[in-house]
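See structure below.
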Amino acid sequence: MEVSRKVMVLDENILDVMEAEKHLTEGGYDVVSLSSPNGALSKIDYERPEILLLDITMPRLNVADLLESLRASEEYEDLVIVLFSDMDAEQLQKLCIENDINGYFCKSMDVTQIAAFLDNFYEF
């Protein structure tokens, strides 16, 4: 039986979402996207992704509140959060350490490798 692998992409840049979604789908992921921070927690509750690919520079997104809500809930203790941003790697690494975030994938990196990168968060 194949394991379902669901990732939610929370990013307002539709071109970035489409490119990531293409490579994630090819890599065997079920992809759900959300281009507005409105109702993000409700959508996460409904979709139950294993991985949240999060652009923390989204306009109107209160990252601190979202992360606090996710990390405070036992329901999401296994949710893998990966930053997906134009910020440089050093900034993203610092944010990961400070906010208990599992990892980051810079948009400047080779997006064709995104599924292989996310595979690292699964135990095979």
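What single numbered condition from (1) in a loop (DSSP other than H, G, I, E, B); (2) in contact (Cβ under 8 Å) with a residue 24 or more places away in the chain; (3) at negative phi; (4) of a type outside the set (F, W, Y) fails to hold for S108?
Status for S108: all satisfied but (2).
Among the residues in the stretch 56-75, are any at pLDDT below 95, within 12 Å of the chain's Cα centre (by Cα) and in a loop (DSSP other than H, G, I, E, B)?
yes
Can you name every residue in the stretch 53-104 that is hydroxyl-bearing (S, T, Y) and farther than 11 Å from L10 by Cα?
Scanning the stretch 53-104 gives S69, S73, Y76, Y104.
Which residue pairs have Cβ atoms under 6 Å apart, sit 6 or more places apart or on different chains, and have a first residue in the stretch 31-42 that is under 11 Å from L66 (Cα atoms) and touching a residue at least 12 places away in the same chain (Cβ under 8 Å) and a second that is assigned to a loop (DSSP other than H, G, I, E, B) and charged (D, E, K, R)?
That search, which allows pairs on different chains as well, returns P37/R60.
Of all residues in the stretch 44-55, which are surrounded by fewer than 18 Cβ atoms within 10 Å (Cβ to Cβ) and either modelled with pLDDT under 90 or of a type outside the set (F, W, Y) (or both)?
Residues of the stretch 44-55 that are surrounded by fewer than 18 Cβ atoms within 10 Å (Cβ to Cβ), as a first pass: 45-48.
Hits for the stretch 44-55 are D45, E47, R48.
Can you pull out every residue in the stretch 1-53 that is more than 20 Å from S85 (Cα to Cα), touching a strand residue (DSSP E or B) at 6+ places or on another chain (Cβ under 6 Å) and in a helix (DSSP H, G or I)?
Within the stretch 1-53, K43, E47 meet the criteria.
The values are calculated or read from the model by the stated rules, or taken from the named source; none is laboratory data. Quick caveat: nothing in here was measured; it's all calculated off a predicted structure. We place every Cβ from the backbone using ideal geometry, glycine too, and count neighbours over all the protein chains shown.
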